[in-house]
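> The structure that follows is given in the form of structure tokens.
Since every read-out is calculated from the coordinates, none of them should be taken as a lab result. Bear in mind that the values here come from a model prediction, so they are computed numbers and not experimental data. Because the Cβ atoms are built from the backbone with ideal geometry, glycine has one as well, and the counts that use them run over all protein chains shown.
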Amino acid sequence: MTLAKTATTAEGPVPTHDELVARARAMIPALKARAVGGAQDRQIQPETVAEMQAAGLFRVLQPKRWGGYEMRPETFYEIIATLAEGDMSAAWIYGVIGVHPWQLATFEDRAAEEVWGEDESVLIASSYMPTGRLTPCEGGWRLSGRWGYSSGSEHCRWTFLTAVPVGPDGPDFEAAGTVLVPRSDYTLIDTWDTPGLRGTGSNDLVIEDAFVPYYRFVTKGASFTRHLPGRKVNTSPLYALPFGQVFTRAVSTAPIGALQAMIDMMIETSKTRVSVFGTATKFDPVVAQALAEAQNEVDTLKLVMKRNGDALWHYAERDEDPPMELRSQFRFQASLPPERATLMALRLFKAAGGAAVYNKNGYGQILADILTGRQHAANQFELFARNWGSVLMGQENTDTFL
């Protein structure tokens, strides 16, 4: 028996891609106004999360059976980039939390019943550090561990965590996977104090001997091969996409929007700024070139994201695995935006001159946010470039997160 909803949503018809992006864009002024407070508090304000909820943004990848919109990931990614034009911390939290309804749909439906059975707006946090340990017991596992970087966890009632089964011979990392745990089973530890993405509240999470039933555990192998239990009831092509391809852009897209925000800031500055040497910024060829190359980078990154998304969707519609060469290519290209955005943002920061060093002007905060996002494990593009290059030369793929 399932408690899943048969209607599309409680609020009526599913909104269009353009409507949802417009809702996100309408939030930009409020996000800008709250960004300083969020950085000071090391948490985005609850009203920001509430406004995202009211706009339906967290429902984009959620199954229609559970009140979601079940839309293609391109809508989700465009919302992330748009929110980042206002505040990258808010966009980062949206990206991390907003991808979890997709992941929950790949679990056995009993897990979704536990999370959404009484309230389909419940949010889920995560940490994919492989630091948890699972000990077999009757009906499931006993889980203990400590995880870091759990973005937006203060606003969530459940969490996904990576954990490793432990047998007689020790941890079996090949059998590692993701567990789903309720808020009552874990404690949040305030550790998040960083130069960038301060508002994400990406604190540590601790569990001591919690019970996890077997249906709240999915192995990384199942995610890689797409042999996922939730697909028995969630049959949209959306849930046939490879996990690594969907997740990576959830944490690599916000820098694109943040770079756009810095570009727009520079354009606005150029209207009135005159350097100490008497040169109007709008006539400065260094600024002009930096702006052109940065805007071109935003355009290029978005075009690649759209092309790759279309290709993956066509494979999902046919329920086919994309070729390994293509998966490794797309994995690398999904990890690249934070690096490219960092390089372009640094050029704009330098081109802005002395004005860039003042916090009131915002250049430094955006640069710090992009650079901090660049440090995420999923955004280490060098690793994925080497894997793709090796595959191109006929070697075996070594990455299961693609």
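> Contact list please: Cβ distance under 8 Å, first residue in segment 28-41 and among the β-branched types (Val, Ile, Thr), second residue in a helix (DSSP H, G or I), pairs at least six apart or on different chains.
ILE28/THR82; ILE28/LEU83
> Something else about it: What residue, of ALA35, ALA125, ALA111, is hydrophobic (A, V, I, L, M, F, W, C) and over 30 Å from ARG226 (Cα atoms)? Spell out how you get there, then give the answer.
Values: ALA125 fails: over 30 Å from ARG226 (Cα atoms); ALA111 fails: over 30 Å from ARG226 (Cα atoms).
Criteria check complete, one pass: ALA35.
> Take segment 82-124 and flag every residue that is polar (S, T, N, Q) and closer than 23 Å to PRO29 by Cβ.
THR82, SER89
> Next up: Within the bounds of segment 280-288, is there any residue that is touching a strand residue (DSSP E or B) at 6+ places or on another chain (Cβ under 9 Å), surrounded by 12 or more Cβ atoms within 10 Å (Cβ to Cβ), farther than 26 Å from GLU382 by Cα and hydroxyl-bearing (Ser, Thr, Tyr)?
yes
> Within segment 219-237, track down each residue that is among the polar types (S, T, N, Q) and in a helix (DSSP H, G or I).
Taking segment 219-237 as the starting set, the residues that turn out to be among the polar types (S, T, N, Q) are 219, 223, 225, 234-236.
Within segment 219-237, SER223, THR225 meet the criteria.
> Go through segment 291-339 and give me each residue that's among the small types (Gly, Ala, Ser), crowded, with 16+ Cβ neighbours inside 10 Å and within 13 Å of ARG72 (Cα to Cα).
Hits for segment 291-339 are GLY309, ALA316.
> Output the residues belonging to segment 181-229 that are surrounded by 15 or more Cβ atoms within 10 Å (Cβ to Cβ) and at positive phi.
LEU197, GLY201, ARG226
> Given GLN260, GLN245, which one is under 16 Å from the mean Cα position of the chain (by Cα), part of a helix (DSSP H, G or I), farther than 14 Å from TRP92 by Cβ and not small (Gly, Ala, Ser)? Before the answer, list the steps.
Numbers: GLN260 fails: under 16 Å from the mean Cα position of the chain (by Cα).
From the options GLN260, GLN245, the qualifying one is GLN245.
> Could you check segment 74-179 for strands (runs of 3 or more DSSP E) lying wholly inside it with 3 or more residues that are under 17 Å from LEU197 (Cβ atoms)? Can you show your working first?
On the way: elements: 124-137, 140-150, 158-167.
Answer list for segment 74-179: 124-137, 140-150.
> Moving to a separate point now. Which residues, counting only those in segment 388-401, are within 16 Å of PHE224 (Cα to Cα) and surrounded by 11 or more Cβ atoms within 10 Å (Cβ to Cβ)?
ASN397, THR398, ASP399, THR400, PHE401
> Kindly indicate whether any position in segment 330-345 is of a type in the set (D, E, K, R) and closer than 30 Å to ALA280 by Cβ.
Looking only at segment 330-345, we keep the residues that are of a type in the set (D, E, K, R), and these are 331, 339-340.
Subset that is closer than 30 Å to ALA280 by Cβ: 340.
Yes, segment 330-345 has at least one match.
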